[in-house]
Amino acid sequence: MKKRWYDYLWIASALYLTLGFFNILFAWLGLLCFFIPLIIAVVGGNKAYCNRYCGRGQLFSLLGGRFGLSRKRDIPRWMKQKWFRYGFLVFFFVMFFQMLWVTWLVFSGARELGGAVTLLWTFKLPWHWAVPAAVTPWVAQFALGFYSVMLTSTVLGLLVMVLFKPRAWCVFCPMGTMTRLICKARNSGKE
Ligand code: SF4
């Protein structure tokens with residue numbers, strides 16, 4: 001099948017994580033992966049983002065499928081169930097708002113800019129070299145927080161890719177769950 005431009009968006013995803021290693025301000029670009037799926041779901045009422053434009057999903061397909069890095073085992077049933085998918089979405093939001101709160105504290109001067117990226121919501125990885133010297137502290141703090149979210153979800157996605165199927169992450173990905181809910185709500189209104 002002829003390749004289209006959007007079949008190469010996995011390069012953008014890989015590039016995103018790489019650039020954040022050199023300059024954390026590139027992490028702001030990750031907001032595109034946050035707003036575009038929501039806009040497509042709200043305006044179009046479909047999951048075109050997941051089906052076509054998600055570079056991260058493509059990256060998992062490529063590494064797990066073409067490069068054979070996945071054991072291609074069945075995804076556990078509990079991972080597909082609503083309690084887990086919605087529970088993970090809620091957990092994700094709690095952590096996301098906590099990240100926004102820390103950004104607010106830095107913005108208001110109640111806290112100093114950190115120099116770390118938090119992996120899996122627990123492990124603090126030093127990242128100070130990627131924070132430019134002349135930067136507004138809250139701008140860098142948000143970037144560190146957002147990059148932590150992106151890195152954590154990628155690492156988790158890679159883990160379940162290896163253990164189960166290439167796109168196992170998509171089963172409980174918060175963006176996927178959110179857009180699915182939006183499409184459902186939007187399309188039920190048409191019936
Ligand atoms: S479920 Fe998440 S990772 Fe998978 S394609 Fe959709 S947005 Fe991308």
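The values are calculated or read from the model by the stated rules, or taken from the named source; none is laboratory data. The structure displayed is predicted, hence computed values, not measured ones. Note that we place each Cβ from the backbone using ideal geometry, even for glycine, and neighbour counts take in every protein chain shown.
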Practice prompt. Report yes if some residue within segment 26-33 is surrounded by fewer than 18 Cβ atoms within 10 Å (Cβ to Cβ), modelled with pLDDT of 95 or more and in contact with a Pro (Cβ under 9 Å, 6 or more places away or on another chain); otherwise report no.
Written response: no
Worksheet item: Can you name the residue in segment 87-104 that is surrounded by 14 or more Cβ atoms within 10 Å (Cβ to Cβ) and among the β-branched types (Val, Ile, Thr) and, of all such residues, is nearest to Leu25 (Cα to Cα)?
Response: Thr103
Worksheet item: Residue check, Ala110 against (1) exposed (fewer than 15 other Cβ atoms within 10 Å of the Cβ); (2) of a type outside the set (D, E, K, R); (3) within 14 Å of the ligand (Cβ to nearest atom); (4) not in a helix (DSSP H, G or I), all met but one. Which one?
Response: (3)
Worksheet item: Yes or no: Ala41 without any contact (Cβ under 8 Å) to a residue 12 or more places away in the chain, out of contact with any Phe, Trp or Tyr (no Cβ under 7 Å at 6 or more places or on another chain) and surrounded by 13 or more Cβ atoms within 10 Å (Cβ to Cβ)?
Response: no
Worksheet item: When only residues in segment 2-54 that are among the small types (Gly, Ala, Ser) and over 21 Å from Thr118 (Cα atoms) count, which is nearest to the chain's Cα centre (by Cα)?
Response: Ala12
Worksheet item: Consider Val117 against the criteria (1) away from the ligand (no atom under 16 Å from the Cβ); (2) out of contact with any strand residue (DSSP E or B) (no Cβ under 8 Å at 6 or more places or on another chain); (3) not acidic (Asp, Glu): it satisfies all of them except one. Which criterion is unmet?
Response: (2)
Fill in: Flag for Phe60 being under 29 Å from Trp127 (Cβ atoms) and either of a type in the set (Phe, Trp, Tyr) or touching a strand residue (DSSP E or B) at 6+ places or on another chain (Cβ under 9 Å) (or both)
yes
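Results for (1) of a type in the set (Gly, Ala, Ser); (2) within 16 Å of the ligand (Cβ to nearest atom), shown as yes or no for each residue.
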{"residue": "Leu125", "(1), (2)": "no, no"}
{"residue": "Ala134", "(1), (2)": "yes, no"}
{"residue": "Phe142", "(1), (2)": "no, no"}
{"residue": "Trp169", "(1), (2)": "no, yes"}
{"residue": "Phe172", "(1), (2)": "no, yes"}
{"residue": "Asn187", "(1), (2)": "no, no"}
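Conditions (1) without any contact (Cβ under 8 Å) to a residue 40 or more places away in the chain; (2) under 13 Å from Gly145 (Cα atoms); (3) buried (at least 18 other Cβ atoms within 10 Å of the Cβ); (4) not polar (S, T, N, Q), marked per residue:
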site: Arg52; (1), (2), (3), (4): no, no, no, yes
site: Gly57; (1), (2), (3), (4): no, no, yes, yes
site: Leu69; (1), (2), (3), (4): no, no, no, yes
site: Arg85; (1), (2), (3), (4): no, no, yes, yes
site: Val106; (1), (2), (3), (4): yes, yes, yes, yes
site: Ala116; (1), (2), (3), (4): yes, yes, no, yes
